[in-house]
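Coordinate-derived values only; no laboratory data. Keep in mind that this is a model prediction, so the values were computed, not measured. Cβ: placed from backbone, ideal geometry, glycine included. Neighbour counts: every protein chain shown.
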Amino acid sequence: MAISIFLSIHNFVRWIVLLLALLVLWRAYRGWLGKKPWEKTDRMAGMMFTSSIDIQLLLGIILIFLRGLSGIPGRFYMEHVGPMVLAVVFGHLSSALSKRVTLDVDKHRRAAIWFTLSALVILVAIPWAR
């Protein structure tokens, strides 16, 4: 029962992650290519995206332990778990590296590059058939 509840939540949060990915990508590319100022909203959108992928990772880890480590095929780790951890790292790198530069266009550029990498890895690693 607990597995089905956590799996349902994990599946629902996937859509929130994807919607927030669209938001941060839109803001980052709009700011970079349109040479817009870096706003508090840009930072907040990035924080919401990274928080959502953190929550998704936590839910995934809970599911792994509820199912038991031996009950999950090794291929699943290579195709889903590993890439998703990498996507979380890319998302956090985007936020961290954007803070380290002073020019707004550079903040947006770094956010666009690293959020794009994070979103692409997420899209590839989602088991769409489930």
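Details
- Report note on the peptides 117-126, 28-37, 4-13: ranked by the mean count of other C-beta atoms within 10 Å, highest first, their order is 117-126, 28-37, 4-13.
- Toward the positive end of the charge dipole of the stretch 43-113, with +1 on the Cβ of Lys and Arg and -1 on the Cβ of Asp and Glu, the farthest Cα among 63, 87, 97 is that of 97.
- Between residue 16 and residue 67, residue separation times 0.36 nm minus the direct Cα-Cα distance comes to 16.0 nm.
- Expected 222 nm ellipticity per residue - DSSP helices of 4 or more, -39500 (n - 2.57), all of the chain, to 500: -27500 deg cm²/dmol
- Angle between the chain longest axis and helix 2-33 axis [Cα atoms, degrees, rounded to 10]: 20
- Between helix 82-99 and the chain: long-axis angle, C-alpha atoms, 0 to 90°, nearest 10: 20
- Calculated FRET efficiency for the pair residue 4/residue 97, C-beta based, R₀ 41 Å, to 0.05: 0.60
- Gain on full extension, evaluated as 0.36 nm per residue between residue 120 and residue 44 minus their Cα-Cα distance, stands at 25.3 nm.
- For the stretch 15-41, the residues whose backbone nitrogen is under 18 Å from a point 7 Å from the Cα of residue 54, taken along Cα to Cβ, are 16-18, 20-21, 24, 41.
- Relative contact order, whole percent, for the chain stands at 34, derived from Cα pairs under 8 Å and 6 or more residues apart.
- Cross-link reach is defined here as a Cα-Cα straight distance under 13 Å, omitting same-chain residues fewer than 8 places apart; for residue 99 the aspartates and glutamates meeting it are 39, 42.
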